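**Student:** Take a look at the following structure, please.
Coordinate-derived values only; no laboratory data. The model shown is predicted, which means the values in this text are computed figures rather than measured ones. Cβ placement follows ideal geometry from the backbone for every residue including glycine, while neighbour counts extend to all protein chains displayed.
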Amino acid sequence: MRSSTASTRTASGAPAGAAGAGGRTRGLVALAACALLAAGCAEAGTAGTGAADGGSAQSPVKVGLVYSKTGPLAAYGKQYLEGFKAGLSYATKGSGAVDGHRIEVEEQDDAGDPAKAVSAAKDLIGKGHKILAGSTASGVALQVGPIAAQNKVLFVSGPAAADKVTGLNKYTFRSGRQSYQDIRTAASFIGDAKGRKVTVLAQDSAFGQANVAAVKAVLGSQGATVDAVLAPPSATDLTPFATQAKTAKPDLLFVAWAGDTSAALWTALNQQDVFAETKVVTGLDLAASYPLFGPAGEKISFLNHYFGGAAGTPVEKAMDEAVTAAGGTSDIFTPDGFTAAQLIVHAVEAGHGSADDTAVLVKALEGWSFDGVKGRTTVRAEDHALLQPMFQVKLTGNGAAAKPSVERALTADEVAPPVTPMAG
């Protein structure tokens, strides 16, 4: 198995919905839910080399990456691309080819817009691409997946966290975590949810409401009482909402927040001494967001998909070395790109260097268990959920000095979502 030679994290993924159901702007903190060249790979669009003898004209494998190169999730897209290039080099042992067939990568920027993504996907399919990957935003993944199924091409979604991507259809897989895994990680901070009170503090928007619904679906079904404190997205004075959250006296305060007022929210919660009354949980996002927590950062219990250095695996070391050599830095969604490349190479290996028979590619991935960046990772055959470790994390220090560390790694089984019937 060429694509996973090491043995066996998220650092708890970005908050539920980060790059997820409602997307997310400016890489700020939220609960719900990346473009340099890695060592050993050529430029995107010409990735890898030809056959080993240099003279064979074997047909290339065309892979289309539809991701957020620009737009509100561009930072995530950059991380994804850096990881993908590192993963392609790793999985092909630096050759960029499978059985003499080079893997050609063509990038398309969807800017986080589903309509642009659908247009790009159709264009790539029309040019003969049998494999698509990317999807930084969930809205994109949920539109591209059906296009892949209609045209019988393999689709490997990226950081998009929406649970509906799992089981979307038999041609759709994912290389990142999903919102359910975020919420199960958050729930691990209080143990048995039965009889517990959980309050979701969020903005009264599609993103915030989706988080409330997700928490009710997961923790409410396990016996917790779930309520919500919702603030208008335009609110700038957040003290009243911090006070409401404190007055609710929950066992767990689950914070799902995005946008420019994140720093103000954490300041208000700290000033109202909410942390003395309850366990406050949110997702740890990309490294650039750490200073936003201010003095409250050391009091928050973070769920996390990944941060650089979280996993401590040989595969993570290989990824980090390649990304660093190319001038990048491993961050929350770098593993999603790396894993996507591992999945694609493994599938193409099953086709002996060809992607023409999609049924072969799908069969190769269903049930595949491999050593990934975060540890042992499995593609569940029934619905293509990506079973993987997640993390409880703490921040130490404030501002630019804030540094994350893993408090507990949760196994893939501990945070596994329920099986979703395959939709198509």
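**Student:** With charges only on Cβ, +1 for K and R and -1 for D and E, what is the dipole size of the range 280-331 about its Cα centre, in debye, rounded to 20?
**Tutor:** 120 debye
**Student:** Moving on to the next point. Give, in whole angstrom and from largest to smallest, the semi-axes √(5λ) of the equivalent ellipsoid of the range 200-287, with λ running over the eigenvalues of the Cα gyration tensor.
**Tutor:** 19, 16, 12
**Student:** If you restrict to DSSP beta bridges whose two residues both lie in the chain, what percentage is antiparallel, to the nearest 5? Each step should come with its number before you reach the end.
**Tutor:** Values: 18 of 54 bridges.
Roughly 35 percent of the beta bridges in the chain run antiparallel, per DSSP.
**Student:** While we're on this one: Just going by the charge dipole of the range 89-142, with Lys and Arg at +1 and Asp and Glu at -1 on Cβ, which of Val118, Val98, Val140 is farthest out on the positive end?
**Tutor:** In the range 89-142, that residue is Val98.
**Student:** Which order, highest average first, do 217-229, 197-209 follow once you tally other Cβ atoms within 10 Å for each residue and take the mean per peptide?
**Tutor:** 197-209, 217-229
**Student:** While we're on this one: Ranked highest first by the average count of other Cβ atoms within 10 Å around their residues, in what order do 413-421, 324-332 fall? Provide the component values of the computation, followed by the final result.
**Tutor:** Numbers: 413-421: 15.3, 324-332: 20.0.
Descending mean neighbour count gives 324-332, 413-421.
**Student:** Give me the base-10 log of I(q)/I(0) for the chain at each q in 0.07, 0.11, 0.13 Å⁻¹, Debye formula, one uniform scatterer per Cα, rounded to two decimals.
**Tutor:** Taken in order of the listed q values, log10 I(q)/I(0) reads -0.30, -0.73, -1.00.
**Student:** Here's another thing I want to ask about it. Return the sequence-ordered ³J(HN,Hα) values of the range 162-178 in whole Hz as given by the Karplus equation 6.51 cos²θ - 1.76 cosθ + 1.60 applied to θ = phi - 60°, using x for Gly and Pro.
**Tutor:** Each residue's phi maps through the Karplus curve to give 3, 4, 5, 5, 5, x, 4, 5, 6, 8, 9, 10, 9, 10, x, 8, 10 Hz.
**Student:** Moving on to the next point. Counting only Cα, what are the radius of gyration and maximum Cα-Cα distance Dmax of the range 179-230, in Å?
**Tutor:** 10.3, 29
**Student:** Then there's this: With labels modelled as points extended 7 Å from the Cα through the Cβ direction, what inter-label distance (nm, one decimal) is found for Glu414 paired with Lys93?
**Tutor:** Label-label distance for Glu414 and Lys93, simple model: 3.6 nm.
**Student:** Compute the distance from the alpha-carbon center of the range 350-380 to that of the range 152-197, in whole Å.
**Tutor:** If we compute the Cα centre of each part, the gap is 19 Å.
**Student:** Using mean Cβ contacts within 10 Å as the protection proxy, how do 344-355, 127-138, 397-408 order, highest first?
**Tutor:** Ranked by mean Cβ neighbours within 10 Å, highest first: 127-138, 344-355, 397-408.
**Student:** Which residue, Ile344, Ala364, Ala385, has the largest displacement toward the positive end of the dipole of the range 303-386 when charges sit on each Cβ (Lys, Arg +1; Asp, Glu -1)?
**Tutor:** The Cα lying farthest towards the positive end belongs to Ala385.
**Student:** Residue by residue, what Karplus-based ³J(HN,Hα) values in Hz, rounded to whole numbers, does the range 336-346 have, using 6.51, -1.76 and 1.60 with θ = phi - 60° and x for Gly and Pro?
**Tutor:** Calculated HN-Hα couplings, in order: 5, x, 4, 5, 4, 5, 4, 5, 5, 5, 4 Hz.
**Student:** Amide H of Arg102: which non-local residues (sequence gap of 5 or more, or other chain) have their own amide H closer than 5 Å, using H built in the peptide plane?
**Tutor:** Amide H to amide H, under 5 Å and 5 or more residues apart or across chains, Arg102 pairs with Val61.
**Student:** Along the range 75-84, what does the Karplus equation 6.51 cos²θ - 1.76 cosθ + 1.60 (θ = phi - 60°) give for ³J(HN,Hα), rounded to whole Hz, x for Gly and Pro?
**Tutor:** Taking θ as phi minus 60°, the curve returns 4, 5, x, 4, 4, 4, 5, 4, x, 4 Hz for the range 75-84.
**Student:** Sticking with this structure for a sec: Excluding same-chain residues fewer than 8 positions from Lys93, which lysines have a Cα within less than 27 Å of its Cα?
**Tutor:** Leaving aside lysines fewer than 8 places away in the same chain, those within reach of Lys93 are Lys62, Lys69, Lys78, Lys85, Lys130, Lys317, Lys363, Lys374.
**Student:** Tell me the mean residue ellipticity at 222 nm calculated for the chain from its helices only (DSSP H runs of n ≥ 4, each -39500 (n - 2.57), averaged over every residue, nearest 500).
**Tutor:** Theoretical 222 nm ellipticity from helices: -9000 deg cm²/dmol.
**Student:** A further question on this structure: With unit charges on the beta carbon (Lys/Arg positive, Asp/Glu negative), name the residue among Gly77, Gln203, Gly220 whose Cα is farthest towards the positive pole of the charge dipole of the chain.
**Tutor:** Projecting each Cα onto the dipole axis, the largest value belongs to Gly220.
**Student:** Let me ask you something else. Using unit Cβ charges (K, R positive; D, E negative) and no other charged atoms, how large, in debye to the nearest 20, is the dipole of the chain about its Cα centre?
**Tutor:** 480 debye
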